[in-house]
Amino acid sequence: MKSLLAVGRYLIVRTLMVGITLVVGCYLIVIIMNMGGKLDDVRRAEIRSNVASAIFLDPSNRGIPADALKVMVDELAELEYERLGLDRPFFPWRSLEYLFTALSLKLGTAEQLTSDTGSRSVARILSERLPATLVLFGTSNLLLFFLAIQFALFLSRRYGSLVDRTMVGLAPLSSAPGWFYGIFLILIFAAVLRVLPWGGLVQVPPPDTAPAYALSLLEHMILPVLAITIGALFANVYRWRTFFLIYSSEDYVELAKAKGLSARGIQRRYIMRPTLPTIITSLMLILIGTWQGQIILETVFNWPGLGRQYLAAVNLNDTPVILGTLVIYGYLLAGTLLLLEFIYALVDPRVRVGGGKV
Amino acid sequence: MQLDRRGMKWVAVLLVALSVAAGALARTGAWLDEVVISEENNLGAAVARVAAGDSDVFIFALTDAALFAQVRSNPDLGYVRNVGSTSELTLNPVGPTFPGTGALNPFSVPRIREALNYLVDRDYVANEIMGGLALPKYTCLNGPFTDASVRYPDIYNLIVEAYANDPAKAEAIFNEEMPKLGATKVDGKWMYGGKPVNLIFLIRVEDERKRMGDYVAGLLEDLGFETTRLYRTGAESSPIWMNGDPAAGQWNVYTGGWVTTAIARDQGTNFAYYYTKIGRSDPLWQVYENDPAYLAVAEKLWNNDFNSMAERRDLFEDAMWGAMKESYRVWMVDRTAFSPFVKNFRVAADVAGGIYGSQAWGWTAHFVDAAGKRQEGGKLRVLVNSMLSNPWNAIAGSNWVYDMFPIRGTGEQAWVRDTRDGLVWPLVFERAEVTAQTGLPIASDPRHTWCTLKFETEIKVPADAWYDFDAKTQKWITVGEAFPNGTTAKTKSVIYYPASLYDKPLHDGTKVSIADIVLAMIVPIDRAKPDSKIYDESAVPGYKSFMKVHKGYRIAQRSPLILEVYSDSYQLDAELTAVNGGVVAGSALFPYYSQGPAFWHTLTLGILAEEKKLAAFGATKAGKLGVPYTSYIAGPSLDILRAMMLECLSTGYRPYEPTMAEFLSLSEAVSRWTLLENFYKKVGHFWVASGPFYLEKAYPIEKVVVLKRFADYKLPSEQFMFLLDPLKP
C-alpha cells in the first residue's frame, strides 16, 4: 500500500512537471512563431498587398471606378483579417486561444492549409499525411535501429578485426544526411539505370488494387529507405558498438567468460540486459521522432509526409497546423518519458519507481 | 466523251462523299487520349525527369538560368518562354530628409530618381544577373504586351534610346542635384550634416532580385553613397515598404516585382497605378506628389477618359515620358520564364501565362512524329510543382494556377483566349454584336469577323431586362422595376449562340440547357445578398463593384439562344467588351464561374449543402461555420454532395424554382439527377463539365490527376490549332 502511494505520488509529481513544461513550451512556441504578435503586421500587409494586386491588376476589373475598387480591396482585406482573427489583438486572448485549442487536442481549423482531400481541420490535415510518414520513417527507423544493434553486437565481439576497423573507418559517412545520399541514389537508380522510381508515394497513376498499390509503395520506398539507412547506419553502428564494448569489459562479463559461458549467453544475459533501458529509450525516441518526418528528405523524394506539410505550414505562417504538429509531438514525448520511467523499473532490477533515495 | 464526263461526275460525287465521311471521322476535341498530371516539387529533378523521358512536360514557369542552359543545350528537349513578371526599383520619395530619422533622401528629387535610369545597365541585369531570362524594361508597360509592342512601339523605342545606360550622365545629374540638397562630396563620399549619406536598400532574397539589389547598391556606392543592405523576404519587407510609413525613413530603395499571368491588352491604368495616389490606398502611394500635367494624363487613362484611339495615343505619349520624369519606380527587366518539354510535344502556350496559363492547351496539346506530323492520341505525362492544394469548386475553390491547368482542360468558357495576343475567339457562341455609346474609344480587330461594332448616341436598356436578383422571392428584379424612369448603358453586347448549343454534351451524358446559363447569372448575385440562404460576405465586394457597371441581362430568344448584356463597362477591344460585360465571379455567357465550370445540377448540390450548413463554397464561410470547404473531387464533402444528390433524385429538385421553373422542366431535372448518379457511381466525383477532357480521377494524397479525352465532344480538334502559328501583323 505504501509503495503504491509512493508510486501514485511520484506519478502525479512527474505528470505535473511534464505538463507544466509542455504548457510553457507550447506558449513559448505560440509567442515565438508569431514574433510576439508582430507577425500580425506582416500578415496584414501581405493580405492587403495580395488583395490589391489581384483586384487592380485584373483586366476584367477595367472600367470599374477606382474608388469602387479601393472599397472592394478594403472590404476583402477586412474579411480576411476577420477570418484569421487579425482584427483582434494577439495578446492575451488570441494567443491563449491558440494554446488551449492545441493543448486540448481539438487542434482547430487551419488558417491557410487544407488537407489533401480538402478539409481545413488540423486533425485531418495531419492524419492524412501520417500514414505516408509512418510507413516510410517507421520502416526505415526500425530497420536502421535493429540493423545497427545487431551489427554493433557483432562488431563488439570482433573488436579490432578487419570488419570492425572498416566500420569505424566508414562512420564519418554519416556526417552527410540521408537526403544527400538520396540525390545520388536518384541519379544512379532513376536517372541513369532507370530501374527505380524518381520519387513519390506510388506510381503514376496510382494502382487501383490494394496489392498492386502495396507493391508500388514498396518499390517507391526502396530509395528513401536506403538513403536514410546509408545516412545514419555507420554512425549508429559505431555508437552502439562503442556502447556495447564498454559493457563487454565489465568485471561480471569477464567473470562470465572465465566461467565458460557461451558468447551468445553472455551477450544476452550480461550485456543486453543492463543496456536494455538505454536501448529501449533510444527505440522509443526513434519511434516518436517518426511523427515529424524529415522535411528535406521528403522534398527530395517527393514524399507526401508530415515534414513537407510542416514546411508548408511554416511558409504560410499557419499557426494552428504548426502548433498541432508540435503539440502532438510534445504529448508523445511527455507520454514516452513517463512510460520509460516504468519500463526502466520493469527491465532493470536496479531501478525502482518511487523508491526514494537509497 | 459523254462517258468520260459522267465518269468525272461520279468521281466528283465520290470525292465529296469521301470528304464528308472524312469530316465525320475527323477527330473532335482533344488530340491526346489521356493526360496524367503529377507533382514534382523539386525543380531540378523535374527538368531531369523530362530530359530522361520519365515525363513529357514540366509546366512550371522556371526562371533558373542554369536549368535554362541545360534545357537549351539538350537536343531532346524543347521549351516555351513566357513573360509577365517584372522587376523594378521602388523608390521612397519622402524628403529631402526623413522626418523619422533626419537622414537625407536623395530620391525625394525627381531628377535624381530619373538619373537612376541612366545609371543602371539593364542589359547587364537581363543577361548577366537574370542569365538571359529577361528583357530590359524601361517603362511601366510590359514590353511584349499590346501597348508597348503593337500600339506604340515607336514611343517605347524612343524612350529606350533616350534612357540608355549612361553612367557619366547619371553622375553629372547627381553631382548637380546633391549640393542643392545641402550635401557635399568629401574624398569621393557624399556627406550631409557631417555624416555620410546612407541609402537603405530593402533587398528581396527569394530570387535574382537579391543580385540586382546588390548591383544597384554597388553602383550607388561607386557614386559616393554609403549603403545599408537589408535582405528580406516578401513577407518581411511588405510591412516596411508598402504598409509602413515612408516618412519613417526605414528604406530608400526596394527591389520590387510584379506579376501578370494574362496578357494585358490595355495598360493605360499603369500610369496612375504605379505613380499616383489614385493607384492604391497604401501609405507609400499617398506620398506621391505628381506634376499636375502628368496626373491629369494618368487620370484620364485610368478612367478611359478619351474619345478616340488617336487621343489615347497622345495621352500615352505624354504619360510614358511623364512617368520617366516622375520615376517613383525605375523599371529594370521583363522577366521571362520557360517550361521544358520533350521535343515531340506541341501546345499553344500563352505569351504571359505559359503552358500552365494557356486556356487553349486542352485543344492544342499533341505529339508529333519524327517528321513533325501531328499524331492523334497518346498519353501526356505532365509534371507540376504543386497541385491539389485546395478543394475544387467552381464558385470559390482552388485558384492555384497549377490546379487551374487541369480545370481548364475539363471546362470551357464561352470563348477561348488567344494565347498570342489576349483577344478572344468564340467557343460556345457563334458571333457577337457590340453597340457602344458614340465617343467611346472602342475598336474591333478586322481578323475577328465574329464580332461587329457599331456606335449609337444612346443605348436604352429594355425594361424587361434582368437587373438584380431578389434573394427573398428568388425572382429577378427587372430594369423596369429598378429604374422606373428607364436607364441607359454605355455598351450592349448581343451574343448569338448556335442551334446546336442545347445538343452540347456534358461529361455525365446530359446536355447543356438554358437553365445552366440562367443559373450562372443568378448564383454570383444571390451569394452576395444577406437574404440568401447561401449568403457569403466574401461575395459582397465583387458584387458591389459589378453593380457599379452592370445594367442588365436579357434573353432575347431562347432557341437558338440570343443573349443581350447591357453594361457601363467596356474595354478598348470590341471583342473583349463583347464577352466581359456579364462578368461577375465568372461569366453569364456560359456556366464557367470564377474557379471553373459548373452546370446547374452539380452546382445545386453545393448550394443545398451550403443552405443546410453542411459545407460551404468559400474558405472563409467554411471556417466560420466549421464545416468542410466544398470539394467536388475528393474529401469529406463528397459524401455530403452525394447525400444531396440522392435527395434531389428522389424529389426531382429544381433550384431557385420561382425563376428557374420557366427554364427547367421537371423531366430535365429528373433526367439530370439520374445521369449524375450514374456518373458518380462510375468515377466517384461530381466534377461535371463540357470540355475536351473529363476528370477520370483525382488522387489527392498521391497528388495525381488523370484526365481522359471526352469522346462525345463535338467541336473539331483542328478548331484552335491556328493558335500554334505565329501571329500575323
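The values are calculated or read from the model by the stated rules, or taken from the named source; none is laboratory data. Note that this is a predicted model, so its numbers are computed, not measured. Note that each Cβ is placed from the backbone with ideal geometry, even for glycine, and that neighbours are counted across all protein chains shown.
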Original post:
Failed condition for residue A:83, given (1) farther than 30 Å from residue B:269 by Cα; (2) at the interface with chain B (Cβ under 8 Å from one of its Cβ atoms); (3) loosely packed, with under 15 Cβ neighbours inside 10 Å, with all others met?
Top reply: (3)
Subject >> helices (runs of 4 or more DSSP H) wholly inside segment B:613-729 containing at least 3 residues that are aromatic (Phe, Trp, Tyr) >> reply: B:666-683
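Okay, residues lined up against (1) surrounded by 22 or more Cβ atoms within 10 Å (Cβ to Cβ); (2) touching a Gly at 6+ places or on another chain (Cβ under 8 Å); (3) away from chain A (no Cβ under 13 Å); (4) modelled with pLDDT of 95 or more:
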residue: B:528; (1), (2), (3), (4): yes, yes, no, no
residue: B:539; (1), (2), (3), (4): yes, yes, no, no
residue: B:546; (1), (2), (3), (4): yes, no, no, no
residue: B:561; (1), (2), (3), (4): no, no, yes, yes
residue: B:568; (1), (2), (3), (4): no, yes, no, no
residue: B:581; (1), (2), (3), (4): yes, no, no, no
Subject >> Qualifying residue in segment A:294-313 (condition: at pLDDT below 85, surrounded by fewer than 18 Cβ atoms within 10 Å (Cβ to Cβ) and within 25 Å of residue A:134 (Cβ to Cβ)) >> reply: no
Original post:
Quick one: which of B:394, B:323, B:348 is buried (at least 18 other Cβ atoms within 10 Å of the Cβ), touching a strand residue (DSSP E or B) at 6+ places or on another chain (Cβ under 9 Å) and assigned to a loop (DSSP other than H, G, I, E, B)?
Top reply: B:394
Subject >> Unique match (being within 36 Å of the chain's Cα centre (by Cα), part of a helix (DSSP H, G or I) and among the small types (Gly, Ala, Ser)) among B:148, B:168 >> reply: B:148
Original post:
Among (1) free of Cβ contacts under 8 Å to residues at least 60 places away in the same chain; (2) not assigned by TED's automatic domain parsing to the domain that holds residue A:215, which single condition is residue A:154 missing?
Top reply: (2)
Subject >> residue A:138 small (Gly, Ala, Ser), without any contact (Cβ under 8 Å) to a residue 12 or more places away in the chain, surrounded by fewer than 18 Cβ atoms within 10 Å (Cβ to Cβ) and in the same structural domain as residue A:225 (by TED's automatic domain parsing) >> reply: no
Subject >> Which numbered condition residue A:195 misses (of (1) loosely packed, with under 12 Cβ neighbours inside 10 Å; (2) under 23 Å from residue A:144 (Cα atoms)) >> reply: (2)
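Quick check on segment A:314-352: of everything there that is outside any helix (DSSP H, G or I) and within 14 Å of another protein chain (Cβ to nearest Cβ), which residue is surrounded by the most Cβ atoms within 10 Å (Cβ to Cβ)? Even if it seems obvious, please write down each step before you answer.
Taking segment A:314-352 first, the residues outside any helix (DSSP H, G or I) are A:316-318, A:348-352.
Next cut, within 14 Å of another protein chain (Cβ to nearest Cβ) only: A:316-318.
Working: A:316: 16, A:317: 19, A:318: 22.
Across segment A:314-352, the extreme among qualifying residues is A:318.
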**OP:** Evaluate the following for residue A:51: is it at the interface with chain B (Cβ under 9 Å from one of its Cβ atoms), surrounded by 16 or more Cβ atoms within 10 Å (Cβ to Cβ) and under 23 Å from residue B:233 (Cα atoms)?
**Re:** no
Original post:
Is there a residue being part of a loop (DSSP other than H, G, I, E, B), away from every other protein chain (no Cβ under 14 Å) and of a type in the set (A, V, I, L, M, F, W, C) anywhere in segment B:62-75?
Top reply: no
**OP:** Go through segment B:220-249 and give me each residue that's more than 8 Å from chain A (Cβ to nearest Cβ) and either surrounded by fewer than 18 Cβ atoms within 10 Å (Cβ to Cβ) or of a type in the set (Asp, Glu) (or both).
**Re:** B:221, B:222, B:226, B:228, B:229, B:230, B:231, B:233, B:245, B:247, B:248
Original post:
Has segment B:250-266 got at least one residue that is within 8 Å of chain A (Cβ to nearest Cβ), part of a loop (DSSP other than H, G, I, E, B) and within 21 Å of residue A:68 (Cβ to Cβ)?
Top reply: yes
**OP:** Tell me which residues, restricted to segment A:86-97, are surrounded by fewer than 18 Cβ atoms within 10 Å (Cβ to Cβ) and either touching a Lys or Arg at 6+ places or on another chain (Cβ under 6 Å) or among the acidic types (Asp, Glu) (or both).
**Re:** A:87, A:88, A:97
**OP:** Count, please, the residues in segment B:483-517 that happen to be buried (at least 23 other Cβ atoms within 10 Å of the Cβ), in contact with a strand residue (DSSP E or B) (Cβ under 8 Å, 6 or more places away or on another chain) and outside any loop (DSSP other than H, G, I, E, B).
**Re:** 6
Original post:
Is there a residue in segment A:30-50 that is within 26 Å of residue B:576 (Cβ to Cβ), without any contact (Cβ under 8 Å) to a residue 24 or more places away in the chain and in a helix (DSSP H, G or I)?
Top reply: yes
